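Read the structure below first, then the notes.
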Amino acid sequence: MGHARTSYVCLSCRASYKQAYPERFNDRERRCPGCAEPLIHVGSAFAPPPRRNGEGWRVLSILLNAGMRFHKSCCGGPGYRPRTLREVKERVAYAEATGEPIARALVRRELP
């Protein structure tokens with residue numbers, strides 16, 4: 001039986017790495033092999049955008065900086081995540097207009 005694997009990303013290099021799931025204690029900081037910056041743990045249900053997809057990586061950066069990750073839920077996936085800047089902008093505008101936290105607005109599949 002192998003060790004469970006999860007994804008880490010480097011936003012600077014637009015790179016994703018599958019690595020062993022972090023240990024609960026004593027897990028070392030993971031560094032990008034390309035630029036040596038710290039990697040961001042994004043979860044096991046993560047699928048990276050293609051490296052040349054600049055918009056996809058900008059959206060991913062916004063989501064990660066809002067604290068969102070891509071962990072499996074009881075139903076198998078992380079739930080809805082916006083994929084375009086338009087979807088992000090619509091949800092941020094909704095959050096600003098209603099006072100809803102941005103992280104919650106970003107995971108809304110549809111806006112009221």
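The values are calculated or read from the model by the stated rules, or taken from the named source; none is laboratory data. These numbers were taken from a predicted model, which means no experiment stands behind them. Note: ideal-geometry Cβ built from the backbone for every residue, glycine included; neighbour counts use all protein chains shown. Heavy atoms of the whole protein, side chains included, go into the accessibility calculation; ligands, DNA and RNA do not. Shrake-Rupley method; radii C 1.70, N 1.55, O 1.52, S 1.80 Å.
Listed values, structure above:
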read-out	value
Selected residue (only one of Val42, Val9 is at pLDDT 95 or above, among the β-branched types (Val, Ile, Thr) and open to solvent by less than 30 Å² (accessible area, probe 1.4 Å))	Val9
Contacts under 6 angstrom Cβ, first residue in region 77-90 being on the phi < 0 side of the Ramachandran plot, partner at pLDDT below 95 and among the aromatic types (Phe, Trp, Tyr), 6 or more apart	Pro78/Phe70
Residues satisfying the stated conditions in region 54-105, i.e. open to solvent by 50 Å² or more (accessible area, probe 1.4 Å) and of a type in the set (A, V, I, L, M, F, W, C)	Ile62, Cys74, Cys75, Ala93, Ala97, Ile102
Of residues in region 12-33 being modelled with pLDDT under 95, part of a strand (DSSP E or B) and open to solvent by less than 50 Å² (accessible area, probe 1.4 Å), the one nearest to Pro82 (Cα to Cα)	Gln19
Unmet requirement for Arg51, which otherwise passes all of (1) under 20 Å from Lys18 (Cα atoms); (2) under 12 Å from the mean Cα position of the chain (by Cα); (3) surrounded by 12 or more Cβ atoms within 10 Å (Cβ to Cβ)	(2)
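Rundown of residues vs (1) assigned to a helix (DSSP H, G or I); (2) closer than 23 Å to Ala4 by Cβ, yes/no style:
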| residue | (1), (2) |
| --- | --- |
| Cys35 | no, no |
| Val42 | no, yes |
| Gly56 | yes, no |
| Val88 | yes, no |
| Val92 | yes, no |
| Glu96 | yes, no |
